[in-house]
Amino acid sequence: MTSITGTAARALAGFGSTSIGRAFGSWLGKIAGGFLVLLLLTAIFAPWITPFDYAAQDLTNGNAPPGWPHLLGTDQFGRDVLSRVIYGARTSLSVSATAIAISITVGMTLGAAAGYIGGMFERAVMTVVDLTWSFPDILIALIFVAIIGPGLTSTTFAIAIAYLAQFTRLTRAQIVRLKRETFIEATVNLGAKPRHILLRHLLPNAITPVIVVGMLAIGDGIVLEATLGFFGLGAQPPTPSWGAMMSSGTAQLFLSPWVIIFPGVVVAVTVIAVNLFGDELIRALDIKDRIRGA
Amino acid sequence: MLLRYTFFRVLMLIPVSIAISVVIFMIVHLLPGDPIDNLIRVGSSPDDRTALIAKYGLDQPLFVQYFRWIGAMFQGDFGEAIVLRRPVADLIAQNLPYSLQLGALAFLFSSIVGITLGTISATTRSAWVEQIVRGFILIGSTVPGFWLALLMILFFAVQLQWFPVSGAKGWQSLVLPVLTIGVGGVALVARVTRVALLDVRKEDFVTLLHAKGLPSRTILTGHLMPHAMLPVVTILALRIGWILGGAVTVEFVFGRPGLGSLLIRALGQRDYPVVQGCLLMLALAVMLGTLIGDVAQAAMDPRVREAKT
């Protein structure tokens with residue numbers, strides 16, 4: 001028994017000294033991070049905690065106000081809003097996280113190549129990147145959805161493309177800065193191959209700010225996913241998504257405002273939590289200048 | 001010098017516009033399915049089909065089609081809407097003024113209120129004003145615009161009945177959309193103004209002005225503000241694009257006519273000539289916005305002109 005608590009305590013202490021652990025240090029970090037952990041668990045264990053089937057219709061009990069047994073009320077088809085919000089977390093989180101993962105992978109590759117190779121290639125990449133940079137994310141996403149049609153897959157790619165410029169710029173800025181450092185110069189002089197320098201020295205040193213900005217971007221991705229869903233261009237029925245829920249709720253705006261209010265509150269709180277926790281993470285890692293410089 | 005800068009900056013727009021127009025042109029050609037399938041009547045012969053393909057120039061190489069398309073645009077011919085069965089140019093001409101009005105008002109609102117709030121928070125230097133501004137920024141930059149719009153409708157239009165729920169009749173119908181788009185901008189402008197003012201205040205020449213005995217008000221309006229406006233103008237110029245993006249959502253929610261609601265409706269109906277026309281206009285507006293911002297910045301700061309030409 002003692003050994004178990006001892007291990008747990010040591011594990012906790014170890015966690016506390018990691019940068020993520022330090023981000024939990026302040027009370028803001030604790031609240032925001034705690035909420036995100038809770039949300040993630042809710043999304044993962046959705047089938048076991050939803051009180052009702054998210055797709056089950058009960059037309060005799062449509063537009064029921066919040067109360068018992070439907071804690072957050074029901075929508076026009078009598079579907080339980082709470083269950084749909086919980087399942088919506090799955091859709092929103094997975095779409096946004098997948099999109100940002102794609103965006104980071106492509107953006108880092110492009111940015112690292114541009115920063116490392118330089119010359120005409122760098123100029124060409126950065127011209128395109130700066131061009132998309134000046135466009136609002138919703139406009140880029142709409143152009144992309146216009147090309148490949150509505151749906152969750154195209155939403156994912158649309159979000160990935162909308163934030164691509166951000167990661168390319170950020171990675172390039174890191175690589176350009178690192179290239180001037182003495183230790184890279186030394187590695188070059190020791191005869192290391194470009195591949196080795198890039199993968200073993202430049203990227204590992206460049207990755208932290210990119211990951212942190214990526215975490216912040218997941219928040220933006222959630223908003224973008226909700227917006228596309230709201231326009232009816234994202235998740236198609238009956239897939240529950242926060243944006244799509246609010247979209248179908250507009251028709252009953254006056255009759256059952258809770259159908260719109262609750263998913264929106266969850267989106268807002270989630271994104272605010274992501275931003276607050278991201279800020280704490282930036283502070284814990286002390287990388288504010290490296291992100292600003294890009 | 002400024003003229004030279006502006007000239008090069010405008011010149012740079014040419015490759016950029018070509019790139020954007022190619023992407024928007026490709027929308028129709030990357031779509032699965034053949035547009036002819038929608039036009040052709042059931043039971044037509046293969047000859048009818050080839051005639052239709054020739055009529056719309058679809059037998060030509062892609063780049064020839066592109067030049068025809070862009071050439072027609074320059075003559076104000078944006079094609080014909082498939083669902084609405086009207087020239088796209090007419091639809092755009094009808095909707096554009098509403099978007100411009102909304103965008104301009106939202107821009108004015110966020111600049112005036114933002115700069116005022118920022119100045120107040122910098123001069124009072126009170127912690128809680130700073131906290132309120134921070135809270136505003138967090139909410140303005142994180143809460144989805146369409147949801148904010150819906151809440152505004154629920155509270156101000158349904159509960160209090162101060163403003164109409166939707167439509168575009170009279171100034172009352174503009175209040176809620178402008179507020180919705182403006183909230184994020186106000187917060188951002190306020191923060192940039194505040195930080196810029198506090199930065200300039202640390203400069204030696206400001207200490208000298210105080211030592212000379214100039215009244216604080218004169219120092220603020222005559223010396224601090226002109227310096228602090230530089231980053232503010234930059235952020236405002238960048239904001240133009242975001243205001244347009246916000247307008248797309250907000251127009252849709254408030255059921256206002258405008259480029260944004262036209263675009264969303266056309267996307268839902270897969271009315272691609274309209275989608276292309278709207279996207280092209282919005283892209284053009286974003287580019288013009290950044291152009292104006294860059295030139296204004298160069299006009300205010302000689303260092304920018306030097307660095308970029």
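Pairs of lysines in the protein assembly as shown whose Cα atoms sit within less than 30 Å of one another amount to 8, provided the residues are eight or more positions apart or on different chains. Per residue of peptide A:123-134, the mean number of Cβ atoms on other chains within 10 Å of the residue Cβ is 3. Computed packing ranks the peptides A:70-76, A:147-153, A:53-59 as A:70-76, A:147-153, A:53-59, most packed first, by mean other Cβ atoms within 10 Å. By the count of neighbouring beta-carbon atoms within 10 Å, fewest first, A:Phe231, B:Phe155 end up ordered B:Phe155, A:Phe231.
Starting from the Cα of A:Asn63, move 7 Å in the Cα-to-Cβ direction to define the label point; list residues of region A:257-280 whose amide nitrogen is under 18 Å from there. Residues A:257-262 fall inside that zone.
Other residues with beta-carbon under 14 Å from the beta-carbon of B:Pro144 carry, at +1 per Lys or Arg and -1 per Asp or Glu, a net charge of -3. A simple spin-label model places the labels of A:Phe77 and A:Phe183 5.6 nm from each other, with each point 7 Å out along Cα-to-Cβ.
Based on Cα atoms of the protein assembly as shown, Rg over Rh with Rh as the Kirkwood radius reads 0.99. Principal-axis analysis of the Cα atoms of chain A puts helix A:119-133 at an angle of about 20° to the longest axis. Could you state the number of Å between the C-alpha centres of region B:141-179 and region B:238-309? If you average the Cα positions of each part, the centres end up 22 Å apart. Stokes-Einstein diffusion of region B:61-210 at 4 °C, 1.567 mPa s viscosity, Kirkwood radius from Cα pairs, rounded to a whole number: 68 µm²/s.
Residue by residue along A:141-148, Cβ atoms of other protein chains within 10 Å of the local Cβ number 6 on average. At full extension, A:Lys30 and A:Trp48 could sit 3.9 nm farther apart than now, given 0.36 nm per residue minus the alpha carbon distance. Taken over the Cα atoms of chain A, the convex hull encloses 166 Å³ per residue. The percentage of C-alpha pairs in region B:88-307 whose separation is greater than 22 Å is 57%. Over chain B, DSSP H runs of length four or greater, each weighted -39,500 (n - 2.57), average out per residue to a 222 nm ellipticity of -25500 deg cm²/dmol. Long hydrophobic helices in chain B: the complete DSSP H runs spanning 24 Å or more by Cα along their own axis with mean Kyte-Doolittle hydropathy of at least 0.5 are B:2-30, B:88-124, B:172-201, B:225-254, B:272-300.
Computed from the coordinates by the stated procedures, all read-outs in this text should not be read as laboratory data. Source: prediction; values computed, not measured. Note: ideal-geometry Cβ built from the backbone for every residue, glycine included; neighbour counts use all protein chains shown.
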